[in-house]
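The values are calculated or read from the model by the stated rules, or taken from the named source; none is laboratory data. Quick caveat, the model's predicted, so the values are computed rather than measured. Neighbour counts run over all protein chains shown; Cβ positions are idealised from the backbone, glycine included.
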Amino acid sequence: MPLISKSSYPGAPFYQFNPHLQTILPALIRKIKGVDYERERLTLSDGDFVDLDWIDHDSKQLVILTHGLEGNSERHYIRGMAKKFSDQKWDVLAWNCRSCSGEMNHAMRLYNHGEIGDIEEVIAHALKTKNYEEIILIGFSMGGNINMKYLGVNAKNIPDVITKSIAFSAPCDLATSVSLLDQPQSKFYKKRFLKMLKGKMEYKANKFPGKIDFQNFSKVEQWSDFDNYFTAPLNGYKNADDFYHSGSALNFMEGIQIPTLLVNALNDPILTPECSPIDLCKNHKYIFLETPKDGGHVGFMSSGMSGAWSEKRAWEFVKN
């Protein structure tokens, strides 16, 4: 599809004058009311579980929301999008990846950017729950990458009722995005992610002795060290490079067969230009690439607008 040369994003509020404020402040100041989930625990085929948070309007239309790294269904961007679609009387399913719902999962493996088996099971369960006529997939950051890899790998074999997908701030090229996390300007994000993941790594090391060595956590300097010591062995990858290759949606997006909107801000502090593949998208029949000049990472707030612009943009894409 032709690239979206002019984004409709009107720009961030005046007080969010750099990409870091555009990324961090929405998480701190956004309070979304009127989102009341009903939780369901889904037992997966390997005996593990994920927790699903539903909003049921007895609709034939469903939006499935997938969060980012160390996120969950309570993050502002998930709750905001849930409210947007709920207000339109769509059913909403905001699912929590393994270990992200407040309770550690049972299996040794966790979630990761390249894991698409779990979302396949979530979608299959949703279709067993109700005879939906239309399903939209929306993912944020890691969740956007997961959705696009799922669609690319499965190509024409996805359920016919999945009609569109949307990804915001998606790290489609993991290797380059990881390298950016190691830069001085991204130190805050790296430290925050590692702090959140530390307890999970210790838990897994204690529960599955001999599988990973928690002492290696103190040796992590580059983000690739974490992926070599922990992500790869926990999730069945050979090493960090294998994870980056297998997990990057960029390597599978060519196969996408439904209209897909990818929105990555040009000033996103943890995404590289490679995560917005212009050459691929400009010649692709189904992928629309929109690159607003600012917005940060999963921020996209704007003065005088109720909710985030990303919610308005997603609804426009779904209805047009």
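Scanning the range 194-247 for residues that are part of a helix (DSSP H, G or I) and under 17 Å from HIS106 (Cβ atoms) yields GLY199, LYS200, MET201, GLU202, TYR203, LYS204, ALA205, ASN206, LYS207, LEU234, ASN235.
Picking from residues in the range 253-268 that are touching a Gly at 6+ places or on another chain (Cβ under 7 Å) and in a loop (DSSP other than H, G, I, E, B), the one that is surrounded by the fewest Cβ atoms within 10 Å (Cβ to Cβ) is ASN267.
Among the criteria (1) surrounded by 17 or more Cβ atoms within 10 Å (Cβ to Cβ); (2) of a type outside the set (A, V, I, L, M, F, W, C); (3) modelled with pLDDT under 95, the one LYS211 does not fulfil is (1).
Restricting attention to the range 54-106, the residues being part of a loop (DSSP other than H, G, I, E, B), among the charged types (D, E, K, R) and either closer than 16 Å to SER141 by Cα or under 11 Å from the mean Cα position of the chain (by Cα) (or both) number 3.
Residues in the range 117-147 that are aliphatic (A, V, I, L, M), in contact (Cβ under 8 Å) with a residue 60 or more places away in the chain and within 16 Å of CYS97 (Cα to Cα): VAL122, ALA126, LEU137, ILE138, MET142, ILE146. Among the residues of the range 153-177, those that are farther than 30 Å from ASP241 by Cβ and touching a strand residue (DSSP E or B) at 6+ places or on another chain (Cβ under 9 Å) comprise PRO159, VAL161, ILE162, THR163, LYS164. The set of residues from the range 269-314 being in a helix (DSSP H, G or I) and surrounded by fewer than 20 Cβ atoms within 10 Å (Cβ to Cβ) comprises PRO273, GLU274, ILE278, ASP279, LEU280, LYS282, LYS312. Residue under question is LEU250, and the condition is that it be farther than 30 Å from ASP213 by Cβ, outside any loop (DSSP other than H, G, I, E, B) and without any contact (Cβ under 8 Å) to a residue 40 or more places away in the chain; does it hold? Answer is no for this residue.
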